[in-house]
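Working notes, structure below.
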Amino acid sequence: MSRQWQGMNKEQITRAIGLVEDTEHVVAVFKALRDFNVRVLIMPPGNDPIDFRGSTNQRPFIAMVADDGDKALGPEGFHPPSLTELVKMTDHAAVISTAPVTDLYQMMSLMPSYLRTGSLIIETRPSHDLAWVRFLQNIKPDMPVVLSVPQPEKKVNA
């Protein structure tokens, strides 16, 4: 089952921001929810179907796919028809396999806030970032996708 925070009032959202203010990337999403009435949805891994159509047909929205737990699963770890429908309704996406990049979360929150679009943020591990990009490109080849990957390790000369 997806999680939606649209039912929270501004006071509740402001309190939630106070609880997560040390995680600036989350604050950007909550501010979009509070200040611009952007819907926020979270898709957890699993094979349970999720009907996003009622939520994502009403722009703007930020959908977050949580594939960054102890064991990342890649696109195969999510209900395929639900995930496919979500991607089809999205205008742009970010695949993040690094520590949270605050500027990227702000950008993905500002687009729905000002342009009234649908943003998709996929949080994953480096082992699955390219699988996510391929999945997105297979479903929606023209959708802009931003990829945040770890820097390559520097080789030490022996």
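The values are calculated or read from the model by the stated rules, or taken from the named source; none is laboratory data. Keep in mind it's a predicted model, so treat the numbers as computed, not measured. All Cβ positions, glycine included, derive from the backbone under ideal geometry; neighbour counts span all protein chains shown. Accessible surface is based on the protein model in full, side chains and every heavy atom, while ligands, DNA and RNA are left aside. Shrake-Rupley method; radii C 1.70, N 1.55, O 1.52, S 1.80 Å.
Worth pointing out:
- When the stretch 43-70 is filtered for residues that are modelled with pLDDT of 85 or more and within 18 Å of Phe135 (Cβ to Cβ), the ones remaining, listed by number, are Met43, Pro44, Pro45, Gly46, Asn47, Pro49, Ala63, Met64, Val65, Ala66, Asp67, Asp68.
- Across the stretch 79-101, the qualifying residues are those that are more than 13 Å from the chain's Cα centre (by Cα) and hydroxyl-bearing (Ser, Thr, Tyr), and the one among them that is nearest to Gly46 (Cα to Cα) is Ser82.
- Contact map, the stretch 76-92: residues that are of a type in the set (S, T, N, Q) paired with residues that are modelled with pLDDT under 90 and surrounded by fewer than 19 Cβ atoms within 10 Å (Cβ to Cβ), Cβ distance under 8 Å, separation 6+ or inter-chain. Pairs shown: Ser82/Pro49; Ser82/Asp51.
- Among the residues of the stretch 30-48, the one identified as in a helix (DSSP H, G or I), under 24 Å from Thr98 (Cβ atoms), open to solvent by 10 Å² or more (accessible area, probe 1.4 Å) and in contact (Cβ under 8 Å) with a residue 40 or more places away in the chain is Lys31.
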